[in-house]
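Peer 1: The structure under discussion is supplied below as structure tokens; questions concerning it will follow.
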Amino acid sequence: MPRLHLNIDHVATLRQARRESFPDPIAWALAAERAGAQGITCHLRGDRRHIQDEDVKRLRAEIGTLLNLECSLAPEMVAIARDSGAEAFCLVPENRTEVTTEGGLDVRAELGRLSDVVPALSETGGLVSLFIDPDLDQLDAAREAGAPFVELHTGSYALATGAEREAELARLVAATAHARSIGLRVNAGHGLDLGNVGPVAAIEGVEELNIGFAIVARAVFVGVDEAVREMLAAMS
Ligand code: PXP
């Protein structure tokens, strides 16, 4: 079974709704770790709509598992990521008007910038992953970019129903097999919830799932401990 890495962005979204000091996403991350989360993920966006710079520093200082920092290719973000002490970096596309990350990176089109950013982040000892759609050409481009990991975008799978969902699952399975055959390691995430996570967690070769919104939303009703445990059970 893949590791569960908890994305805590939406605890910070709730805090930022009132520009308050609570709920504290770092305290929430620590509770998630106690419930079984094996890593913590956050996305420091250019517009700072949820996670703040200070949160990244506190996370690195306080959590006991791995920190995976999601960021765009913007020079400001890459500089912050380099100093963050994160064990993993996930490079994502970013667009100010989107509600959440829409689509994966166009690695083929970004090979120029990635040829600087991937080595700059790798030099810190952190493992770089590229967030991409389950597309074979994007995987080949990711291999050319020199990142050890890709994170497959599961959003289309999560939104699809019936036969279309089966087709999207087959794309994820084929992309994982192709990635591994060309030496890339594979994570996955986006839009996963208790009802759809099982088949993705069962894909041979997927090492880590990054899940945020569904767990934070569920925790509003049952608390962080139960929400994390339920997700771990659904993954297994
Ligand atoms: N992986 C990446 C790269 C993401 O950008 C996000 C959303 O921030 C997630 C995983 C988690 O998605 P969700 O919040 O829908 O579980």
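Peer 1: What distance in nm lies between label points placed 7 Å from Cα along the C-beta direction at GLU102 and GLU62?
Peer 2: About 3.4 nm, to one decimal.
Peer 1: Averaging sequence separations of C-alpha pairs under 8 Å and six or more residues apart, then dividing by the length of the stretch 179-236, give the relative contact order as a whole percent.
Peer 2: 38 percent
Peer 1: While we're on this one: How much FRET efficiency would the formula 1/(1 + (r/R0)^6) give for GLU144 and ALA202, where r is the Cβ-Cβ distance and R0 is 22 Å, rounded to 0.05?
Peer 2: 0.15
Peer 1: Give me the tail of P(r) for the stretch 1-100 as a percent: Cα-Cα pairs with distance above 24 Å.
Peer 2: That fraction is 17 percent.
Peer 1: If you don't mind, there's one more thing I want to ask. Where in the stretch 155-183 does the amide nitrogen come within less than 17 Å of the point 7 Å from the Cα of PHE213, taken along Cα to Cβ?
Peer 2: 155-161
Peer 1: Between THR124 and LEU136, what length in nm is gained on full extension when 0.36 nm per residue of separation is reduced by their alpha carbon distance?
Peer 2: My answer for the length gained is 1.5 nm.
Peer 1: Another question, then. How long is the gain from SER236 to GLN38 if the chain were fully straight, where each residue apart is worth 0.36 nm and the alpha carbon distance is subtracted?
Peer 2: Residue separation times 0.36 nm, minus the Cα-Cα distance, leaves 69.8 nm.
Peer 1: Mean residue ellipticity at 222 nm from the helices of the chain, using -39,500 (n - 2.57) per DSSP H segment of n ≥ 4 over the full residue count, to the nearest 500 deg cm²/dmol?
Peer 2: -15000 deg cm²/dmol
Peer 1: Right, here's the next one. In 10 Å bins starting at zero, report the fraction of Cα pairs in the stretch 1-54 per bin as a rounded %.
Peer 2: Pair shares across the bins are 25, 52, 20, 2.
Peer 1: Now, a different point. Expressed in nm to one decimal, what extension gain is obtained for the pair ALA27 and LEU111 from 0.36 nm per residue of sequence separation less their Cα-Cα distance?
Peer 2: Stretched fully, the ALA27-LEU111 segment lengthens by 26.5 nm.
Peer 1: Ok, one more. Once amide H atoms are built 1.01 Å from N in the peptide plane, which residues 5 or more positions from ASN7, or in another chain, come under 5 Å H to H?
Peer 2: THR41, ILE211, GLY212
Peer 1: Same structure again: If you consider only alpha-carbon coordinates, what radius of gyration and Dmax does the stretch 173-236 have, in Å?
Peer 2: 13.1, 43
Peer 1: Further question: For the chain, go through all pairs of different Cα atoms, get the mean of 1/r, take its inverse, and jot down that Kirkwood value in Å.
Peer 2: 17.7 Å is the Kirkwood radius here.
Peer 1: Okay, next question. When SER236, SER129 are ordered from fewest to most other Cβ atoms inside 10 Å of their Cβ, what list results?
Peer 2: Least crowded to most crowded, the residues run SER236, SER129.
FYI, it's all coordinate maths here, none of it is from the lab. For clarity, every value in this text was computed on a predicted model and none was experimentally measured. Because the Cβ atoms are built from the backbone with ideal geometry, glycine has one as well, and the counts that use them run over all protein chains shown.
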